[in-house]
Amino acid sequence: MVIHKGYDNLNLREPIVTIGIFDGVHLGHKLLLNTLVSGANGAGTDSVVITFNPHPRLVLDKPTSGLSFLSTMEEKSRLLEKAGIGHLIIIEFTPQFSKIKACDFVSEILLDKIGTRHLIVGHDHHFGYQGEGNFITIRNCARSMGFRVEQVEGFKFQEVTISSSVIRNTLLEGKPEDANKMLGYSYSLKGEVIEGKKIGREFGFPTANIKPSDKYKLIPGDGVYAVDVMINNSKYAGMLSIGKNPTVNKSEAQRSIEVNIFNFDRDIYGNEIEVAFRFRMRDEKKFKNTEELIKQMEMDKVLATRLLA
C-alpha cells in the first residue's frame, strides 16, 4: 500500500475511492473495503482510501477531554493495508479544511485532484462543512460531474449495526469479547513499561505497569482481563488489571494498567509492549486483606490460563 500525505501529484489510474475516519477498521468497514478492492481489481484500477489526521473531533470539539479512539493512525494504516487497499491518502484536517462545502470537496478534491471515477460510501457517511454531505448530496453532485456513487449497507452484530462508537462503548463497558467480534480481531493497547510500586512482586505476582503510547487510545473499562502480551515479537499469556487497586491503594490513587505476564521474569522497564484484550474475568474489587487478594489472583491466573489455552 502506498501512503500519500495530501492529494497533490498522485497520478492514479481511474481510482475507485472511499472516504472516512475508519476508526478501528471494524467488520462494517471491511464490508465496504472488500467492495472497494474487488471493484478495483475487477476493473484494473486503483483502490483508494481517503482519511484524515488528526481526527476531526480533536479539531472541532472543545474541550477534547474524554475523547478516545480505537486506533492510532499507524494501526489504522496497517489494518487498511491488510484489507488489500492500494493507496491511502491522509489529508491534514484543519479548521480551514473543515469549512469546505460538500460539493466543493467533491469537485475540487475528489475529481480535480484525485481523479475519482467511482466513489463508495458507507450507510451513515457524512462529510463537508457541518456534516452537510451525505449519500444523497454526493449522488446529486455526481450527476452533474460524471462519476458513479455507490452506497454499502451496514453490517449488523446481534441486531445492532456495527459502528466505531458502538465498539468504543462496548469496550468501556468491559466487554472485549463482543467488541472483538465486531472488530474482527482482538482489541489491543501499546505502551511503555514504567516503574510502579512493585507491590505485586511482594505477592508473587510481579506486574508491568503500562503507560499508553497514545493519549487518545481507548482504555477499556475497569476490571481484570485475560490478555495476550506481545514483547519483541514473542507472545505470552497474562492477566491484566485496570483500575485503582483499592485493596492496596488509597481511594484517591490514580487509575493504572498493570499486567502479570505468565512464565516471564525479564526486566523490561522502558520497553514498549502490546496487550490484546481477550476476555474479561471479573470486576475490580476491594478485598478485606492482602491474603484474600492473593487467593483471588491465584484463581484469576488459573482461569486466564484456561481461557487463553
Open item on the list: Would you confirm whether or not segment 192-205 contains a residue that is assigned by TED's automatic domain parsing to the domain that holds Thr290, outside any loop (DSSP other than H, G, I, E, B), surrounded by 15 or more Cβ atoms within 10 Å (Cβ to Cβ) and in contact with a strand residue (DSSP E or B) (Cβ under 6 Å, 6 or more places away or on another chain)?
Closed with: yes
Task: Filter pass, Lys82 being modelled with pLDDT of 90 or more and basic (Lys, Arg) - done: yes
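Results for (1) touching a His at 6+ places or on another chain (Cβ under 6 Å); (2) within 30 Å of Gly115 (Cβ to Cβ); (3) touching a residue at least 24 places away in the same chain (Cβ under 8 Å), shown as yes or no for each residue.
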residue	(1), (2), (3)
Phe135	no, yes, no
Ser144	no, yes, no
Glu150	no, yes, yes
Phe155	no, yes, yes
Glu159	no, no, no
Ser186	no, no, yes
Ile194	no, no, yes
- [ ] Name the one entry in Ile273, Ile210 that is in contact with a Gly (Cβ under 6 Å, 6 or more places away or on another chain), assigned by TED's automatic domain parsing to the domain that holds Lys301 and crowded, with 17+ Cβ neighbours inside 10 Å.
- [x] Ile210
Open item on the list: Kindly evaluate Gly154 against the criterion of being of a type outside the set (Val, Ile, Thr), under 30 Å from Lys175 (Cα atoms), in a loop (DSSP other than H, G, I, E, B) and touching a strand residue (DSSP E or B) at 6+ places or on another chain (Cβ under 6 Å).
Closed with: yes
Open item on the list: Being modelled with pLDDT under 95, within 22 Å of the chain's Cα centre (by Cα) and surrounded by 14 or more Cβ atoms within 10 Å (Cβ to Cβ) is the requirement here; does Ser241 meet it?
Closed with: no
Task: Residue satisfying all of: in segment 197-238; more than 22 Å from Ala179 (Cα to Cα) and under 21 Å from the mean Cα position of the chain (by Cα); modelled with the lowest pLDDT among these - done: Asn233
- [ ] May I ask you to say which residue of Val229, Val224, Val248, Val259 is among the β-branched types (Val, Ile, Thr), touching a helix residue (DSSP H, G or I) at 6+ places or on another chain (Cβ under 9 Å) and in a strand (DSSP E or B)?
- [x] Val224
Open item on the list: If I ask for residues that are out of contact with any Leu (no Cβ under 6 Å at 6 or more places or on another chain), surrounded by 14 or more Cβ atoms within 10 Å (Cβ to Cβ) and among the hydrophobic types (A, V, I, L, M, F, W, C), which ones from segment 46-66 would you list?
Closed with: Val48, Ile50, Phe52, Leu58, Val59
Open item on the list: Can you say whether Val37 is surrounded by fewer than 21 Cβ atoms within 10 Å (Cβ to Cβ), within 13 Å of Ile85 (Cα to Cα) and in the same structural domain as Ile114 (by TED's automatic domain parsing), as far as the supplied structure shows?
Closed with: yes
Open item on the list: From the list Asn169, Asn140, exactly one residue is at pLDDT 85 or above, assigned to a helix (DSSP H, G or I) and either among the β-branched types (Val, Ile, Thr) or surrounded by fewer than 19 Cβ atoms within 10 Å (Cβ to Cβ) (or both). Which is it?
Closed with: Asn169
TODO: Given the conditions (1) buried (at least 19 other Cβ atoms within 10 Å of the Cβ); (2) farther than 21 Å from Gly196 by Cβ, report the number of the one that Pro220 does not fulfil.
DONE: (2)
Task: So Asn260, is it surrounded by 14 or more Cβ atoms within 10 Å (Cβ to Cβ), under 19 Å from Val227 (Cβ atoms) and among the polar types (S, T, N, Q) - done: yes
TODO: Give the residue that is nearest to Leu218 (Cα to Cα), with candidates limited to residues of segment 58-88 that are assigned to a helix (DSSP H, G or I) and more than 15 Å from the chain's Cα centre (by Cα).
DONE: Leu58
Task: Residues that are more than 16 Å from Leu218 (Cα to Cα) and of a type outside the set (Val, Ile, Thr), drawn from segment 151-176 - done: Gln151, Glu153, Gly154, Phe155, Lys156, Phe157, Gln158, Glu159
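The values are calculated or read from the model by the stated rules, or taken from the named source; none is laboratory data. All of these numbers come straight from a predicted model, not from anything done at the bench. As a convention, Cβ positions derive from the backbone with ideal geometry for all residues, glycine included, and neighbour counts pool all protein chains shown.
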